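Trainee: Next up is a structure, given as structure tokens.
Nothing in this text is a laboratory measurement; each read-out follows from the coordinates by a stated rule. Since the structure is predicted, the reported quantities are computational estimates derived from the model, not experimental observations. FYI the Cβ positions are ideal-geometry reconstructions off the backbone, even for glycines, and counts take in every protein chain you see.
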Amino acid sequence: MSTLVQTMTFGRVRRETLVLVAVALALDVLLAFLIGGTTMSPKIVAAASGLCLVVAGCVLAPRQALLVIAGVWGPAHALLLDFDVVHTGSFDLRLSRAVGLAVLCGFALPLVNPTTRTRPTPGALRALCAFCVLYVLEAFAAPSFSDAAADVVRLASGIALAVLAFHLIDTPERLRTLLRVVTLSGFVVGVVVIVQFVLIRADDTLAHALFGKNFYDTSYASDSEFAVRVTGTVGGPGEASAFLLVVAMFTLLRYTLGRDKRRSRTDVVILTTICLALLLTLTRTTSAALILLLVVWAAMQPFRSVSAASLRLRLAASIAIVAVAAVPFIGAKTLQTRLADVDPRGSGASFAQGRGAIWDAEIHRLEAAGPGQLLVGHGAHTAYVPIFLKVESEAQSPHNIFLWLLVETGLVGLGVYLAFVLGIARAFWRASRSRTSELARKVGAVGVAAIAAYSLLDFFILTPLSPGHRWYYMLFVGATLRFALAHREARIDDPDPEPELA
């Protein structure tokens with residue numbers, strides 16, 4: 001009887017809360033028109049109302065909001081990037097940045113709510129939160145507070161997703177649900193990338209009619225050689241490939257959890273599609289990271305039903321077949337163009353699409369820094385270097401997380417952030433050696449491979465400030481870290497897995 005009363009009371013409170021949210025949205029729209037009159041753009045009013053709904057959804061149903069974000073953020077990210085909410089002078093607020101701020105604000109209440117934290121937050125995530133606090137302090141020392149504040153929002157939103165995923169994805173069933181949602185999201189993006197790649201080479205008129213004129217990018221190796229790269233739905237070739245790499249981690253974990261209990265042909269097809277799409281973005285770092293992900297995963301011996309030797313042989317054969325088929329499919333000239341600047345000795349400042357020049361500037365800045373700047377850094381958003389691109393100069397990130405940490409947060413920030421990375425690596429490694437929990441062992445095996453692959457990205461991409469794929473990586477870390485740590489306390493086994501994806 002008491003349970004029924006509590007349920008009815010909770011339902012009444014939830015309905016009253018939803019009514020209050022609806023009234024607040026109505027007042028928001030009314031107030032906007034009263035204040036702005038005919039000068040208030042309906043687009044701004046609609047965007048503000050939608051953001052209020054995002055905040056309300058994150059506050060009222062944080063677990064469901066996590067799943068919605070996981071399913072929508074990747075496929076819809078390019079649309080959000082193209083939607084300008086406010087543009088005044090040098091201030092440019094796009095819908096993607098506004099949604100990131102709304103997600104951060106909406107998850108703030110669940111994060112501080114004691115009932116959300118069902119168990120102590122592990123030290124690795126506490127170190128990540130401490131780094132966020134440090135970076136907020138660095139923002140006040142930044143030459144441009146608006147740029148620093150935008151970086152803080154990108155960093156903090158990913159951290160919020162990691163902590164919430166740790167506390168809310170607390171059962172194997174919920175973990176499998178998250179894996180299924182992200183896998184389907186990545187499959188959609190992968191199919192779009194493959195279709196774009198084929199159409200731009202087969203019928204560019206049809207490609208432009210379907211995807212517009214900005215769905216591809218041109219990568220130049222010299223004045224006369226270039227490669228056409230498709231952008232998918234995440235905003236760019238590099239962003240799309242990094243997103244697909246992280247989604248491959250989710251799909252690989254889903255396949256690993258179910259392989260010993262059932263045939264997972266559908267998961268293999270989806271994973272193959274995602275990997276193929278990643279390769280077709282012609283992004284070198286993520287392609288190497290994908291190979292590293294699969295190789296480390298196979299070396300961890302994740303299965304009991306498949307011998308380690310057989311798994312490694314199958315993986316080696318698959319990589320060889322893909323490598324042989326890639327040359328005629330992608331084109332030898334295109335591959336030669338994309339590999340023209342991979343030699344640091346011959347490329348010099350042009351190494352890796354200009355990263356050589358950026359890294360050289362960052363190293364000179366560190367060499368000229370005083371003891372205080374080496375210790376605590378120069379401030380947020382100070383590691384960006386002006387680089388001449390095509391017709392104008394554009395500020396570029398360091399494209400390297402270690403240079404970013406040293407320049408902006410100093411040795412203190414580097415040490416705190418490494419505490420996070422080494423903490424999760426240690427947790428996954430120990431879980432992969434577990435003898436008490438099959439679930440923890442498999443999660444740990446995929447987790448170790450994921451950290452190895454993502455760490456390779458850190459050498460060439462500024463990952464913490466890239467919400468397109470960083471949000472998904474933080475979801476992966478938070479959701480899986482709970483099961484990697486739980487094997488110490490009690491035996492946790494995954495029940496019979498769900499059926500294959502239809």
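Trainee: What ranking, highest mean first, results for peptides 443-455, 242-254, 422-434, 99-111 when packing means the other Cβ atoms within 10 Å averaged over each residue?
Mentor: 242-254, 443-455, 99-111, 422-434
Trainee: Would you mind giving the three semi-axes, in whole Å and largest first, of the ellipsoid equivalent to segment 84-212 according to its Cα gyration tensor?
Mentor: 34, 26, 12
Trainee: Also: Rank by packing, highest mean first: peptides 123-132, 320-329, with packing defined as the count of other Cβ atoms within 10 Å averaged across residues.
Mentor: Per-residue mean Cβ counts within 10 Å order the peptides as 123-132, 320-329.
Trainee: Calculate, in nm to one decimal, what Q64 and F140 gain on full extension: separation in residues at 0.36 nm each, minus their alpha carbon distance. Mind dumping the intermediate values first?
Mentor: Values: separation 76, 0.36 × 76 = 27.36 nm, distance 3.46 nm.
Contour length minus the Cα-Cα distance gives 23.9 nm.
Trainee: Order of T231, T121 from fewest to most other C-beta atoms within 10 Å?
Mentor: Listed from fewest to most nearby Cβ atoms, that is T121, T231.
Trainee: Suppose R0 equals 25 Å. What FRET efficiency, 1/(1 + (r/R0)^6) with r the Cβ-Cβ distance, do V412 and I387 give to the nearest 0.05?
Mentor: 0.35
Trainee: Which of rounded, prolate or oblate describes segment 247-299 when judged by the alpha-carbon gyration tensor and an a/c cut-off of 1.5?
Mentor: It comes out oblate by the Cα gyration axes.
Trainee: Could you pull out the trypsin sites (Lys or Arg not before Pro) across segment 260-297 that fall in loop regions by DSSP (anything but H, G, I, E, B) with no more than 14 other Cβ atoms inside 10 Å?
Mentor: Loop-located and lightly packed - K261, R262, R263.
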